[in-house]
Amino acid sequence: VITINGSATVTVELGDSYSDAGATALDVHHGVTSVTTSGSVNTNAIGSYTITYTATDKDNNTATATRTVNVVDTTAPVITVTGTNPATTELGETYTDAGATVTDASGAITAVTTGTVDTSTVGTYTLTYTATDASANSSTATRTVNVVDTTAPAITVTGSNPATVELGGTYTDAGATVTDASGTVTI
């Protein structure tokens with residue numbers, strides 16, 4: 001009679017280590033009988049593995065028992081936002097996202113980025129990175145991007161500068177023009 005130490009069905013997380021608890025055998029006529037173990041568990045690959053225990057008594061009677069080891073992935077990927085978070089960009093400039101990296105026991109996974117940054121409008125924008133592994137474990141991370149306007153308007157004086165007016169004459173100012181990344185600005 002073979003007795004499996006521990007549970008006959010064991011679950012191990014992908015990438016963790018597995019140490020088999022073994023089994024013992026007792027023969028009613030001969031007492032304690034040695035047990036041999038066969039089979040292996042690859043904790044780096046999801047799947048169901050069988051460990052077989054075999055015991056043969058002095059009369060060549062053989063018995064077997066098995067343990068099922070299920071390697072599963074229940075751990076969500078880890079997303080690391082690359083670069084500055086929150087990020088700041090100037091109004092009207094081009095924003096290039098630094099992206100994110102993903103680590104997961106199941107192997108290489110790429111994060112999918114959703115959201116946009118409108119650098120033509122001052123405001124706060126959110127980019128969301130989502131990663132899902134082959135076992136449907138999913139995680140998200142976000143980056144905040146602030147579009148700011150810290151650049152002063154550019155004023156261009158129209159006409160001559162300095163201007164000359166004859167004494168007693170009428171002076172009409174030629175005015176000025178202004179440009180700014182935010183659009184129309186009043187002088």
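The values are calculated or read from the model by the stated rules, or taken from the named source; none is laboratory data. What you are looking at is a predicted structure, and each value in this text was computed from that prediction instead of being measured. Reconstructed Cβ throughout: ideal geometry from the backbone, glycine too, with neighbour counts over all protein chains shown. Surface areas here come from the heavy atoms of the whole protein model, side chains and all, with no ligands, DNA or RNA. Shrake-Rupley method; radii C 1.70, N 1.55, O 1.52, S 1.80 Å.
Take the solvent-accessible surface of the protein heavy atoms, probe 1.4 Å, and return the percent of it on the stretch 32-187 that carbon and sulfur atoms account for. The partial results should precede the final answer.
Working: 4860 of 9640 Å².
Of all accessible area on the stretch 32-187, carbon and sulfur atoms account for 50 percent.
Summarising the label geometry, the points placed 7 Å from Cα in the beta-carbon direction at T103 and S135 lie 1.7 nm from one another.
With all protein chains kept in place, the per residue accessible area of the chain amounts to 62 square angstrom at a probe of 1.4 angstrom. The P(r) of the stretch 17-88 has a tail past 19 Å containing 56 percent of all C-alpha pairs. Computed about the Cα centre, the dipole magnitude for the chain is approximately 520 debye when only Lys and Arg (+1) and Asp and Glu (-1) carry charge, each at its Cβ.
Extending 7 Å from Cα along the Cβ direction at T37 and again at V1 yields two label points whose distance is 2.2 nm. Once you reduce the stretch 35-77 and the stretch 139-187 to the center of their Cα atoms, the two points are 78 Å from each other.
In this simple spin-label approximation, N44 and T80 carry label points 7 Å from Cα along the Cα→Cβ vector, and these lie 2.0 nm apart. Taking 0.36 nm per residue of sequence separation and removing the Cα-Cα distance, the A152/S182 pair yields an extension gain of 9.8 nm. Taking the inverse of the mean 1/r over every pair of distinct Cα atoms in the chain gives a Kirkwood hydrodynamic radius of 23.6 Å.
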